[in-house]
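A.B. asks: Below are the structure tokens for one structure; questions will follow.
The values are calculated or read from the model by the stated rules, or taken from the named source; none is laboratory data. Note that this is a predicted model, so its numbers are computed, not measured. FYI the Cβ positions are ideal-geometry reconstructions off the backbone, even for glycines, and counts take in every protein chain you see. All accessible areas refer to the heavy atoms of the entire protein, side chains included, with ligands and DNA or RNA removed. Shrake-Rupley method; radii C 1.70, N 1.55, O 1.52, S 1.80 Å.
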Amino acid sequence: MTRAAGTPGSPHPRVPLVDRLVAAAYSAGWLVVRHMPERLAAWFFRALADVLWRRQGRLVRRLESNLARVVGEDAAGPAVRELSRAGMRSYFRYWMEAFRLPSMSRERILDGTYAIGGELIFDNLASGRGAVMALPHMGNWDVAGAWLVHKGHPFTTVAERLRPESLFERFVAYREGLGMEVLPLTKQGGGSAMAFGTLAKRLREGRPVCLPAERDLTASGVEVDFFGARTRMVAGPALLAIQTGAALLPAVIWFEGDGWGIHIHEEIPVPAEGTRQEKVAAMTQSMAAVFEKGIAEHPEDWHMLQRLWLDDLLDEREPRPGGAP
């Protein structure tokens, strides 16, 4: 007897309507926005950002709470309120560019990117040594990835699994179309996808890996001091550097006028002494310090619309946040 679609145990469970609508909206974005005149697309996404900013919904309030820690001001004050407006515009610029990026020329990306410290990547790779670039959610990380690919260095990264599965597959296809190898963090239906082993293999082959790294509120995250409070960050970049001998290079990215800025910072060395856990903790704290400096210099381009600090997790009244993939 064949199961009806959508019943428990069905190989094709029914996708909730809201998930189907979200997937359809993203698909429409990639289909329509890339063909719009750039000025019109920029105006539309800027206007949309302003509408949501004025409504001051949950995600905007969370952004303001996070930015308040960065600039040391009251979250309800005018300075943070204006900064959050710039932050929402920056966040929506990311999405506008994401929808247009598949049709953006190599010349536009290379000519429009202002890079500091790129030789730190290229020199390590030229010597046959892998490089782990760890970065916060800032600016346009997809453009930064496309820049690295166009420089002749396709890389491997990871992606959180989204709902519905068709949306996750679309994002994977989008980033693979830019020249990235994308590994899922989890298997479909749950469970680890063992991405760490593949990342380590790529690094031992002398290839680059890029990882978002400023947020991991799971038990495996490493506690660090960040803007005067405790949070957890991803242990993976430090662990990969320790295990494979690859260079750990923290990076910060931002919007630079109509283009993009990238700053690759000096390598974070593996401490000579201590247990593996102590080495990971020290390296992750050093990584956090680089992120802290970069975010303080470009706070409007830090797209953290989620809870980040551990004391924020005590507020159980806030629903579990979403975010950009």
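A.B. asks: Report the Cα-based extents of the stretch 204-268 along its three principal axes, largest first, to the nearest Å.
C.D. replies: 39, 37, 18 Å, listed from the longest principal axis down.
A.B. asks: Whole-Hz ³J(HN,Hα) for each residue in the stretch 261-268, computed from phi via Karplus 6.51 cos²θ - 1.76 cosθ + 1.60 with θ = phi - 60°, x for glycine and proline: what do you get?
C.D. replies: x, 9, 10, 8, 8, 4, 4, 8
A.B. asks: Go through 67-73, 123-129 and give me the packing order, highest mean Cβ count within 10 Å leading. Provide the component values of the computation, followed by the final result.
C.D. replies: Working: 67-73: 17.4, 123-129: 13.4.
Ranked by mean Cβ neighbours within 10 Å, highest first: 67-73, 123-129.
A.B. asks: Now for a different question. Would you mind counting up the charge near L48? Only other residues with Cβ under 12 Å from its Cβ, with Lys and Arg at +1 and Asp and Glu at -1.
C.D. replies: Net of charged neighbours comes to +4.
A.B. asks: Please report how many Lys pairs in the chain have alpha carbons closer than 24 angstrom, counting only residues at least 8 apart along the chain or sitting on separate chains.
C.D. replies: Number of lysine pairs found: 4.
A.B. asks: Helix by helix, which DSSP H runs in the chain go 15 Å or more along their axis at the Cα atoms and have an average Kyte-Doolittle hydropathy of 1.0 or more?
C.D. replies: 17-32
A.B. asks: Counting only protein heavy atoms and a 1.4 Å probe, tell me what percentage of the stretch 47-110's accessible area is made up of carbon and sulfur.
C.D. replies: Values: 1510 of 2900 Å².
Answer for the stretch 47-110: carbon and sulfur cover 52 percent of the accessible area.
A.B. asks: Using the Karplus curve 6.51 cos²θ - 1.76 cosθ + 1.60 with θ = phi - 60°, work out ³J(HN,Hα) for each residue of the stretch 221-230 in order, rounded to whole Hz, and write x for Gly and Pro.
C.D. replies: x, 9, 6, 9, 8, 8, 6, x, 9, 8
A.B. asks: What ranking, highest mean first, results for peptides 296-302, 249-255 when packing means the other Cβ atoms within 10 Å averaged over each residue? Could you put the intermediate results ahead of the total?
C.D. replies: Numbers: 296-302: 19.4, 249-255: 24.7.
Ranked from most to least packed, the peptides come out as 249-255, 296-302.
A.B. asks: Fully extended, how many nm does the chain gain between R170 and I116 (0.36 nm per residue separation, minus their Cα-Cα distance)?
C.D. replies: Taking 0.36 nm per residue and subtracting the Cα distance, the gain is 16.3 nm.
A.B. asks: Calculate what fraction, in whole %, of the accessible area of the stretch 199-325 sits on carbon and sulfur atoms when a 1.4 Å probe is rolled over the protein chains. Spell out each step's value before the answer.
C.D. replies: Numbers: 2700 of 5520 Å².
The value for the stretch 199-325 is 49 percent carbon and sulfur by accessible area.
A.B. asks: So in the chain, what percent of DSSP beta bridges are antiparallel if you round to the nearest 5?
C.D. replies: Details: 14 of 32 bridges.
Expressed as a percentage, antiparallel bridges in the chain total about 45.
A.B. asks: With a 1.4 Å probe and all protein chains left in place, how much accessible area per residue does the chain have, in Å²? Show your work: numbers first, answer last.
C.D. replies: Working: 15960 Å² over 325 residues.
Here the per-residue accessible area is 49 Å².
A.B. asks: Next up: Once you have the alpha carbon radius of gyration of the chain, what is it after dividing by 2.2 N^0.38 Å, with N set to its residue count?
C.D. replies: Here the Cα radius of gyration is 1.01 times the empirical estimate.
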